[in-house]
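Here the structure is laid out as structure tokens; the discussion comes afterwards.
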Amino acid sequence: MLKKGCQVAMMIFCLSLAACAPNQITKDCDLPGIWVETQEVSSSITPIIQIDGTPSMQGFVTIPTSRYIRTLRLIDTVVTTAFPNSQPPQYYRFGMARSRFTDESSSLSAQKPWFYDRTLEQLLDADLDVAIAPVEGNPREQISIIIVDLYQQHGEISRVLNSLRVNYLDKGLAVGILAVKSEFDGIVYDIGLNHERFEYRTTQNQPEGFQPFYVLVLSTYENVARFFDRIKTASQSEGLNFTDDKFVIFYPRFLSEPLRLNIDPNPGNFNVDGIRRLHTINDGNVMVSVSDRQTTEILMLTNPDIQDKKIPYQIPYQGLPYLLPINDIQVEVSPSIYNSEDRSFVPFNSNPLQFHNWNIDSNKLNFDINFNTRVMTSGVYWFTVDLSPKSLQSPPWWTEWNLRENEPFKGGTTYNLLPFMESLKKLNLELHQNTGMGRLCYLIHQNF
């Protein structure tokens, strides 16, 4: 009987210990949204080269050694050297419709004035969205290269942007643009609201007045970047000398790797008065550990006077080549606090986690944080911090080469270039909200 009583007492004691034991939780710092994984450069690819055949382009080929003609020849070479296992290139002329060259394996025809025949009705205007629409086949197994002067009315811009979005950006593909200026002797068409035309001839010793044209490159990011790398290098040996700032890629991702904290696993290396770095947190109600210690900061706040003390961070930042530089970073903090009744983390109305001094320096992102302890109570907090680009830098040539809608014709410019490029930049930012730049996670115990 005594033995049975001891067993009952032991069971009651064990149950009481279990009831008092802290709830055990493991937190994950999973990435938000859809992170587009890197891909290899395509092993076998079909180059699709499309050339604007409208009369506005004819002035580029009336000078046999023009930079336009030399660029066409360079493209012929680079599409095969950049992708040595590629299928034979396909060449097209486009205006209001697209037609394939017959029995041709280079851009030789497009280097001749007759190619830009103003008597053909289908070449009276260039519908860029016609060229953007993929030809038959998988766009991921093609690289579409479009040579065009980008003269567009405002109504055309929205159609072109929609075609780029639906056919490429929405599918995780990239839109590359190389801007080039060339000698020109001919007529520039479709200027302004009245579709005026002007005869224009460049002067060799005034290259700033050379007429712009553009090479659009559409494919996976990896294929576009490979093409840009090769044509930029090749341009130096050919005397074309394409500069870095004239290359830009729009793509629904800005970094080769997501932004994550890179925490020193040794708490002894952390030295901020009133704040301790821990491996786990246990306040008696909950014991919280994390699945990846390196990507999650775990801190205990032990002094109410720490709210003005900033903690500096430096994390790896690997921007993708050719993308527009990020001007400012948007920070979205989701705070929660452990609720002992619910035995889970619940949303916390205030945000005590504050960020300062964002700075992108080469391959590092620097910033500071501090805690507004006035809005905090004792307990355990979990913060996820999602980062995305708030604004991007635009290169100066977008403005310098732009001809405004009501502005008199000026050589060396492109009609409505700035509205088109800025709209494409805005579209790129909107799409990036689905992937973000990364996530930072903080597990905090306020213990005072």
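Given Ser106, Ser158, Ser86, which one is assigned by TED's automatic domain parsing to the domain that holds Lys181, under 26 Å from Phe420 (Cα atoms) and not hydrophobic (A, V, I, L, M, F, W, C)? When all the criteria are applied, what remains is Ser158.
Residue-by-condition table, conditions (1) at pLDDT 85 or above; (2) assigned to a loop (DSSP other than H, G, I, E, B); (3) within 29 Å of the chain's Cα centre (by Cα); (4) small (Gly, Ala, Ser):
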residue: Ser106; (1), (2), (3), (4): yes, yes, no, yes
residue: Ala126; (1), (2), (3), (4): no, yes, yes, yes
residue: Asp129; (1), (2), (3), (4): yes, no, yes, no
residue: Ser144; (1), (2), (3), (4): yes, no, yes, yes
residue: Ile147; (1), (2), (3), (4): yes, no, yes, no
residue: Tyr151; (1), (2), (3), (4): yes, yes, yes, no
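Is there a residue in the range 363-375 that is under 21 Å from Tyr251 (Cβ atoms), modelled with pLDDT under 95, of a type outside the set (Val, Ile, Thr) and within 31 Å of the chain's Cα centre (by Cα)? Among the residues of the range 363-375, at least one is under 21 Å from Tyr251 (Cβ atoms), modelled with pLDDT under 95, of a type outside the set (Val, Ile, Thr) and within 31 Å of the chain's Cα centre (by Cα), which makes the answer yes. Look at (1) assigned to a helix (DSSP H, G or I); (2) in contact (Cβ under 8 Å) with a residue 40 or more places away in the chain; (3) surrounded by fewer than 17 Cβ atoms within 10 Å (Cβ to Cβ) and you find that Lys390 fails only one, number (1). If you check Ala131 against the conditions, is it aliphatic (A, V, I, L, M) and closer than 23 Å to Glu196 by Cβ? Here the answer is no, as Ala131 does not meet what is asked. Step by step: first the residues of the range 67-91, then only those that are buried (at least 18 other Cβ atoms within 10 Å of the Cβ) and assigned to a loop (DSSP other than H, G, I, E, B), then the one that is modelled with the lowest pLDDT. Which residue is that? Filtering the range 67-91 for residues that are buried (at least 18 other Cβ atoms within 10 Å of the Cβ) and assigned to a loop (DSSP other than H, G, I, E, B), the one modelled with the lowest pLDDT comes out as Ser86.
Among the residues making up the range 240-258, those that are under 26 Å from Glu400 (Cβ atoms) and touching a residue at least 40 places away in the same chain (Cβ under 8 Å) are Leu240, Phe242, Asp245, Lys246, Phe247, Val248, Ile249, Phe250, Tyr251, Phe254.
Taking the range 321-364 as the range and being crowded, with 17+ Cβ neighbours inside 10 Å, within 30 Å of Pro396 (Cβ to Cβ) and in contact with a helix residue (DSSP H, G or I) (Cβ under 9 Å, 6 or more places away or on another chain) as the test, the residues that pass are Tyr322, Leu323, Leu324. Return a yes/no flag: does the range 419-438 have any residue that is within 30 Å of Arg277 (Cα to Cα) and not in a loop (DSSP other than H, G, I, E, B). Checking the range 419-438: at least one residue is within 30 Å of Arg277 (Cα to Cα) and not in a loop (DSSP other than H, G, I, E, B). Looking for something in a strand (DSSP E or B), within 20 Å of Thr399 (Cα to Cα), hydroxyl-bearing (Ser, Thr, Tyr) and over 15 Å from the mean Cα position of the chain (by Cα) - is there at least one such residue anywhere in the range 182-196? Yes, the conditions are met somewhere in the range 182-196. Taking Asn370 as the residue in question, decide whether it is farther than 21 Å from Thr435 by Cα, of a type outside the set (D, E, K, R) and assigned to a loop (DSSP other than H, G, I, E, B). Judged against the criteria, Asn370 is not a match. A count restricted to the range 256-269 and to residues that are surrounded by fewer than 21 Cβ atoms within 10 Å (Cβ to Cβ) and under 30 Å from Leu427 (Cα atoms) stands at 5. Residue check: is Thr296 under 28 Å from the mean Cα position of the chain (by Cα), in the same structural domain as Arg230 (by TED's automatic domain parsing) and hydroxyl-bearing (Ser, Thr, Tyr)? When the stated conditions are applied, Thr296 does not pass them. Scanning the range 50-66 for residues that are assigned to a helix (DSSP H, G or I), closer than 15 Å to Gly411 by Cβ and not polar (S, T, N, Q) yields Gly59, Phe60.
The values are calculated or read from the model by the stated rules, or taken from the named source; none is laboratory data. Since we're looking at a predicted model, the values are computed, not measured. Glycine also receives a Cβ, built like all others from the backbone with ideal geometry; neighbour counts cover every protein chain displayed.
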